[in-house]
Amino acid sequence: MSVRAVGIGEVLWDLLPDGPQLGGAPANFAYHAAALGAEARVVSRVGRDDRGRELVRRLGELGVRTDAVEEDPAAPTGTVTVEVAADGQPRYVIHKGVAWDRLAGEEAGRRAVAAADVVCFGTLAQRAEPSRTAIRALLQHTRPDALRVFDVNLRQHYDTPELIAGSLAVANVLKVNEPELALLADLFGLPAGDRGRVAELARRFGLRAVAYTRGGQGSLLHSGGGWSDHPGVPTAVVDTVGAGDSFTAALALGLLFGWPLDLAHGRAAAVAAYVCSRPGGTPELPHELRAPFLAASAAG
């Protein structure tokens, strides 16, 4: 089946020590969905500036459709200063008052979301108005059978209990990592133990699937009452920028293809491990990782 995937929210330049790279979780998600055979778009907003024009050009070059990227006449294109620690983990300084904070949810974005099989959104692009209201309104345009993936993706202090609870209420798939699950456990009074917490989130919010990533300890997937526990793929980590987004994209496609949980989970883990082994969030994926996804897309 041919999958239509949409990342909603921030697109920006990650200002890395080695130079700027395309960034933002929705852009990374859309790139990896496109690389795995989906028709992928980003719904976002850039400035009317050189960085915005280059960002749109770069997205197109990567195979991501940009007809739903808005242009802001006043606010600049978003940037994030990124420092990579010795353990490969990124540290972010996310600059305020940028174009994606003013996402309006224009007609092109509404059409993209209404046609999508999967949309992915997070907390960061909801940090301010009007983008928060625009994103919630866009999500109302999704089809009932579409996957609405909430990737918690906490950054700096740009989250509140109300924002997280509201996002869970409109999602049907959750992607969460270790520190985020601990925060959700405190916030919602979840039981002890990873499985207990994941199962309770699925039950309480009516989620079709919950993906819990544990860094070097692998990941845990819960869907339809079943479980898949993956130990992770050993890899020499260069940095982890974009790895979670690649995992989310690959897993979402696997779920849409109807693959067994263990198969979808294993292929998503392999994609994420490869991204960890390369610098930046959008490395070119090797054919052997892409092949099963491309075959499923071509099967109709």
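Quick notes on this one:
Yes/no per residue for (1) assigned to a loop (DSSP other than H, G, I, E, B); (2) touching an Asp or Glu at 6+ places or on another chain (Cβ under 9 Å); (3) of a type outside the set (A, V, I, L, M); (4) without any contact (Cβ under 8 Å) to a residue 24 or more places away in the chain:
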site: Gly196; (1), (2), (3), (4): no, no, yes, yes
site: Leu201; (1), (2), (3), (4): no, no, no, no
site: Arg204; (1), (2), (3), (4): no, no, yes, yes
site: Leu220; (1), (2), (3), (4): no, yes, no, no
site: Val233; (1), (2), (3), (4): yes, no, no, no
site: Ser246; (1), (2), (3), (4): no, no, yes, no
site: Pro279; (1), (2), (3), (4): yes, yes, yes, no
site: Glu284; (1), (2), (3), (4): yes, no, yes, no
site: Glu288; (1), (2), (3), (4): no, no, yes, yes
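- Test result for Ala236, surrounded by fewer than 16 Cβ atoms within 10 Å (Cβ to Cβ), modelled with pLDDT of 95 or more, among the small types (Gly, Ala, Ser) and over 18 Å from Ala27 (Cα atoms): no
- Checking Gly78, Gly52 one by one, the residue that is among the small types (Gly, Ala, Ser), at pLDDT 95 or above, more than 19 Å from the chain's Cα centre (by Cα) and farther than 15 Å from Thr282 by Cβ is Gly52 and no other.
- Residue selected from segment 67-79 under the condition free of Cβ contacts under 8 Å to residues at least 40 places away in the same chain and touching a strand residue (DSSP E or B) at 6+ places or on another chain (Cβ under 7 Å), by the criterion nearest to Ile8 (Cα to Cα): Glu70
Condition check ((1) over 14 Å from Pro26 (Cβ atoms); (2) surrounded by fewer than 19 Cβ atoms within 10 Å (Cβ to Cβ); (3) in contact with a His (Cβ under 6 Å, 6 or more places away or on another chain)) across all residues:
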position: Ala108; (1), (2), (3): yes, yes, no
position: Ala116; (1), (2), (3): no, no, no
position: Val119; (1), (2), (3): no, no, no
position: Ser131; (1), (2), (3): no, no, no
position: Ala146; (1), (2), (3): yes, no, no
position: Asp151; (1), (2), (3): no, no, no
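- Extreme residue, farthest from Phe29 (Cα to Cα), among residues of segment 160-191 that are in contact with a helix residue (DSSP H, G or I) (Cβ under 8 Å, 6 or more places away or on another chain) and not in a helix (DSSP H, G or I): Pro191
- Residue match in segment 43-52 (condition: exposed (fewer than 15 other Cβ atoms within 10 Å of the Cβ) and out of contact with any strand residue (DSSP E or B) (no Cβ under 6 Å at 6 or more places or on another chain)): yes
The values are calculated or read from the model by the stated rules, or taken from the named source; none is laboratory data. For clarity, every value in this text was computed on a predicted model and none was experimentally measured. Cβ: placed from backbone, ideal geometry, glycine included. Neighbour counts: every protein chain shown.
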